[in-house]
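See below for the structure under consideration.
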Amino acid sequence: MSRPTPARRPLSGEGPVFLKIPSDPRWLPLALEHFNEVLVDHAHCEKKAAANALSLLQAYPELPGLPAQMARLAREESAHLAKVLDLMAARGLTLGRDAGDPYAQGLQKVIRTSHDGRKVDRLLVAAVIEARSCERLSLLAEGLEDPMLRRFYGELAQSEDGHQSLFYRLAVTATGGDETSVRARLEELLLHEAEVLKQVGLRPAIH
């Protein structure tokens, strides 16, 4: 019996961050062929997401809503990390050292240096990364054969969709509610993200 094809999710989920380009259609076959490598990279991504949430809490404790939201996010990302590590252990995989993420590094290069600009950009870059993660995890949920893995990655995609919305809302709060300026800056970052994605090329990794 053929497996039913799940409905395609929008490119960036349902949140406010609309990516400019989809992932290369060759990415999913590559990720499925090298799924063990993707799992290891995914674990590092969850680890860094938790660390970034705590870093934002440390840097901007005065931003209304941010401390409690980042504390909850760090806990959620850590729980995701634990689940991915369990999947790795079942496959006999070890985490190893983090080789770095050229995608995230490419986005971070354009973060502004002024205090206010850096605050907004850190939040928006996090939103963009979550949006791309949402897209990639959705693709895995559609392409994997194992029902448990399909369900797991579908649930994670939904989480990432919520995270991108959270970071966007916090960026608007950081400007005192100036959503027009936040949208304009987000558009610039999304155009840059599309170029970074092309430069990074195909990798068996979440980004």
Within segment 83-100, residues at pLDDT 95 or above and open to solvent by less than 50 Å² (accessible area, probe 1.4 Å) come out as V84, L87, M88, L93
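Taking L190 as the residue in question, decide whether it is under 13 Å from the mean Cα position of the chain (by Cα), assigned to a helix (DSSP H, G or I) and among the aliphatic types (A, V, I, L, M).
Considered against the rule, which asks whether it is under 13 Å from the mean Cα position of the chain (by Cα), assigned to a helix (DSSP H, G or I) and among the aliphatic types (A, V, I, L, M), L190 comes out as no.
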With (1) surrounded by 15 or more Cβ atoms within 10 Å (Cβ to Cβ); (2) part of a helix (DSSP H, G or I) as the list, and R72 as the residue in question, which single condition is left unmet? (1)
State the number of residues belonging to segment 21-46 that are open to solvent by 40 Å² or more (accessible area, probe 1.4 Å) and of a type in the set (D, E). 3
Quick one: which residue in L166, L191 is touching a Lys or Arg at 6+ places or on another chain (Cβ under 7 Å) and touching a residue at least 40 places away in the same chain (Cβ under 8 Å)? L191
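Yes/no matrix, rows are residues, columns are (1) in a helix (DSSP H, G or I); (2) surrounded by 17 or more Cβ atoms within 10 Å (Cβ to Cβ):
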{"residue": "R150", "(1), (2)": "yes, yes"}
{"residue": "D161", "(1), (2)": "yes, yes"}
{"residue": "Q164", "(1), (2)": "yes, yes"}
{"residue": "F167", "(1), (2)": "yes, yes"}
{"residue": "V182", "(1), (2)": "yes, yes"}
{"residue": "L186", "(1), (2)": "yes, yes"}
{"residue": "K198", "(1), (2)": "yes, no"}
{"residue": "R203", "(1), (2)": "no, yes"}
Would you say R112 is open to solvent by 20 Å² or more (accessible area, probe 1.4 Å) and either closer than 20 Å to D86 by Cα or within 17 Å of the chain's Cα centre (by Cα) (or both)? no
How about segment 51-69: which of its residues are open to solvent by 10 Å² or more (accessible area, probe 1.4 Å) and assigned to a helix (DSSP H, G or I)? A51, N52, L54, S55, L57, Q58, A59, P67, A68, Q69
Conditions (1) assigned to a helix (DSSP H, G or I); (2) open to solvent by 10 Å² or more (accessible area, probe 1.4 Å); (3) within 18 Å of D41 (Cα to Cα): number failed by E142: (3)
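The values are calculated or read from the model by the stated rules, or taken from the named source; none is laboratory data. All figures in this text were calculated on a predicted structure; none of them were measured in a lab. Positions of Cβ are generated from backbone atoms using ideal geometry, with glycine treated the same way; all protein chains shown enter the neighbour counts. The accessibility values were calculated without ligands, DNA or RNA, using every heavy atom of the protein model including side chains. Shrake-Rupley method; radii C 1.70, N 1.55, O 1.52, S 1.80 Å.
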